[in-house]
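Down below is the structure, laid out as structure tokens.
The values are calculated or read from the model by the stated rules, or taken from the named source; none is laboratory data. For clarity, every value in this text was computed on a predicted model and none was experimentally measured. We place every Cβ from the backbone using ideal geometry, glycine too, and count neighbours over all the protein chains shown. Only protein heavy atoms, including side chains, enter the accessible area calculation; ligands, DNA and RNA are left aside. Shrake-Rupley method; radii C 1.70, N 1.55, O 1.52, S 1.80 Å.
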Amino acid sequence: MIKEKIYCKIRRRYVALTPEETVRQHTVSILNESFHYPLTRFSLEAQINVGQMQKRYDIVIYDSERKPFMLVECKAQTVPITDKTISQATAYNLTLNAKYILLTNGVTTIILRKTSQGYIKQK
């Protein structure tokens, strides 16, 4: 059985075309083409330590000083963005300390900005 694959410009290889990967690749394209974040500042599916556990984030965009600027959590279109999704991303961000968190399933997108008091939902 041949599984469908898609070429990932960031990882420079073909990856399995899962529902979540479809959203991830679409999000990378929008952030690069519409918002002009350079592809060289993207990192996809890298491992981080969250407390005592090892986790993998979906996307991190770095600023010009190579510090995390935005953490992006992608879900398949059929998976709703819930408080659990927000908790997952904010837990990851304890390690990364990015200024923004973007959560998307390709249908719903939520952007949070980190402040000294917590996170504020952006409009």
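So is Y37 without any contact (Cβ under 8 Å) to a residue 40 or more places away in the chain, under 26 Å from R12 (Cα atoms) and within 14 Å of the chain's Cα centre (by Cα) or not?
On the way: without any contact (Cβ under 8 Å) to a residue 40 or more places away in the chain: yes; under 26 Å from R12 (Cα atoms): yes; within 14 Å of the chain's Cα centre (by Cα): yes.
So Y37 fits the description; yes.
Could you run through segment 104-123 and say how many residues are in a strand (DSSP E or B) and not hydrophobic (A, V, I, L, M, F, W, C)? Reasoning before the result, please.
Let us first name the residues in segment 104-123 that are in a strand (DSSP E or B), namely 104, 109-115, 118-121.
From the residues that got through so far, the ones that are not hydrophobic (A, V, I, L, M, F, W, C) too are 104, 109, 113-115, 118-119, 121.
The number of residues fulfilling the criteria is 8.
Of all the residues that make up segment 29-61, how many are out of contact with any helix residue (DSSP H, G or I) (no Cβ under 8 Å at 6 or more places or on another chain), among the β-branched types (V, I, T) and open to solvent by less than 50 Å² (accessible area, probe 1.4 Å)?
0
Please state which one of F69, F35 is assigned to a strand (DSSP E or B) and at pLDDT 95 or above.
On the way: F35 fails: assigned to a strand (DSSP E or B).
Answer to the selection: F69.
I'd like the full set of residues that are within 12 Å of the chain's Cα centre (by Cα), within 16 Å of T27 (Cα to Cα) and among the hydroxyl-bearing types (S, T, Y), limited to segment 73-117.
Result: Y100, T104, T109.
If you take the residues of segment 1-28 that are within 23 Å of L96 (Cα to Cα) and of a type in the set (A, V, I, L, M), which of them is most open to solvent (accessible area, probe 1.4 Å)?
I10
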